[in-house]
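These notes are about the structure you will find just below.
The values are calculated or read from the model by the stated rules, or taken from the named source; none is laboratory data. All values reported here derive from a predicted model rather than from experimental measurement. Virtual Cβ from ideal backbone geometry, glycine too; neighbours counted across all protein chains shown. Just the protein is used for accessible areas: all its heavy atoms, side chains included, with ligands, DNA and RNA removed. Shrake-Rupley method; radii C 1.70, N 1.55, O 1.52, S 1.80 Å.
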Amino acid sequence: MAKRTPQHANPIQDVAWRRLLVNFLIELAFYGLLVVGYFFLVLRLLGDPLARIFSDNLTLYALASLGLIVAQGFLLDLVVTYILDLLGLDRLE
Amino acid sequence: MEFPIAGVVINPLLLAGIGFLVGILGGFFGVGGGFLAGPFMFWAGVPTNFVVGTDLAHMTGKSMVALRRHRALGHVDAKLGFLMLGGTILGVEGGARIIEALEAAGSVDQVIGYTYVVILLIISAFTAFESVRALRMIQTDRLDVKEALGFQAVAKRVRSINIPPMISLPGSGIASISLWSIIGVGLVTGLLAGMLGVGGGFVRMPLLIYGLGIPTHIAVGTDLFEIMFSAGFGTLTHALKGNVDVMMALVMHTGAALGAQIGAISTRFFVGPRIRLLFSILPLVGAILVLVRLLTGSGLEAL
């Protein structure tokens, strides 16, 4: 029978876990700020052009929709990674 | 904020909030969350024909973010995901055709609906039973959490099938398993997804764990892998039908991206059996939502 080993140590007591948790909270704060800025600077400007494409060409709209969602996913993650690297904070990974 | 494509005015914070909550679920459990996001979107005022397509669009982006996190944590078996994808796509297509055939034969909403409720309740009860048993095994038998699976009979039987080609899944710690078993899981979940109009995550997760013996954390990450592709495919098809408001999806995604990160990272603080125990609540919620719709003829907005 396999010897029991704790898979996850108590994160509160472990200093390394606490540091990672603080880093993650800082990352979330930056992420939140970026998202708000992105929302006001980019998303609000996309509404009318997308509505025009939706009316004129559904195929183009479908491709643009998928492309925008994928691009946003990559963009948000990349920007946060860059900022964290710039600040010299450890990533949880 | 006005969303001209859907022709509605909705508070973007509400949409981002819905995305955030569903994102946490997706990141933590590896499910798309459509069964929850759909009713919430409907309640928020999103027109019916835009609910499914827009949800699939935001689900695609959310799954990507959660998947990146899970991949960094070593929770994704890409080989398993790609092998299952073929079965999933075939299953979805098959499920959609079955629905068409049944609808041509007569009204099947009640039959499919109640069948769905029964399936969800069985999954919920079984997952809860197994995970409680596994937690007891950890405490009483002092088993390592990785070995604590309260029900292994089906997985052992499936792994003993020797129909070639045999595949190894080093990412999941499986030395040899028949490719047909993997495709079969994809086929079953795709069939249910196609028939019931859902992503299938809360069926795929238990099948991966109890049917193939995939470790829980790997099942979560790999499930997101499947959802990303199936939701992406669904986004395209629905957008071509004019049923996607991508602006709404992008707004929801800003919240979902945050939630998905929280959900994915949180899996590190929970052992497999606890994740499975918490997961057992989701199909129960799904069953309640479907029952509400069946009994009242409408969704959460009826409550």
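Summary table below
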| quantity | calculated |
| --- | --- |
| Rounded to the nearest 10 Å², the accessible area of B:Tyr114 at probe 1.4 Å | 90 |
| Highest-fluctuation residue, B:Met248, B:Met84, B:Met166 considered, GNM on chain B with Cα pairs under 10 Å | B:Met166 |
| Top positive-direction residue, dipole computed over chain B with Cβ charges, set B:Gly213, B:Pro12, B:Val251 | B:Gly213 |
| Angle between chain B longest axis and helix B:281-296 axis [Cα atoms, degrees, rounded to 10] | 40 |
| Calculated P(r) of the protein assembly as shown - Cα pairs past 29 Å, % | 44 |
| Within a Gaussian network of chain B (alpha carbon springs, distance under 10 Å), most fluctuating of B:Val154, B:Val244, B:Val188 | B:Val154 |
| Over the stretch B:1-158 - Rg/Rh using Cα atoms and the Kirkwood inverse-distance radius | 1.03 |
| Listed residues B:Leu25, A:Leu34 arranged by accessible area, highest first, probe 1.4 Å | A:Leu34, B:Leu25 |
| A/B buried area, accessible surface, summed, 1.4 Å probe, Å² | 4100 |
| Lysine pairs meeting the criterion (Cα under 29 Å, 8 or more apart or interchain), as found in the protein assembly as shown | 8 |
| Pairwise centroid distance, computed over Cα atoms, of the stretch B:25-54 with the stretch A:31-50, Å | 21 |
| Extension gain (nm, one decimal) between A:Asp56 and A:Leu21, 0.36 nm per residue minus Cα-Cα | 7.8 nm |
| Segment B:Arg71-B:Glu100, extension gain: residue separation times 0.36 nm, minus the distance between their alpha carbons | 6.7 nm |
| Computed over the stretch B:70-143, Cα set: Rg, Dmax in Å | 19.0, 56 |
| Longest to shortest principal axis, alpha-carbon extents of chain B, angstrom | 57, 45, 33 |
| In Å², nearest 10: area of B:Arg133 left accessible to a 1.4 Å probe | 110 |
| Protein-only accessible surface order, largest first, of B:Lys156, B:Lys62 at 1.4 Å | B:Lys156, B:Lys62 |
| Exposure rank, largest accessible area first [B:Trp43, A:Trp17; 1.4 Å] | B:Trp43, A:Trp17 |
| Calculated FRET efficiency for the pair B:Thr237/B:Glu2, C-beta based, R₀ 25 Å, to 0.05 | 0.45 |
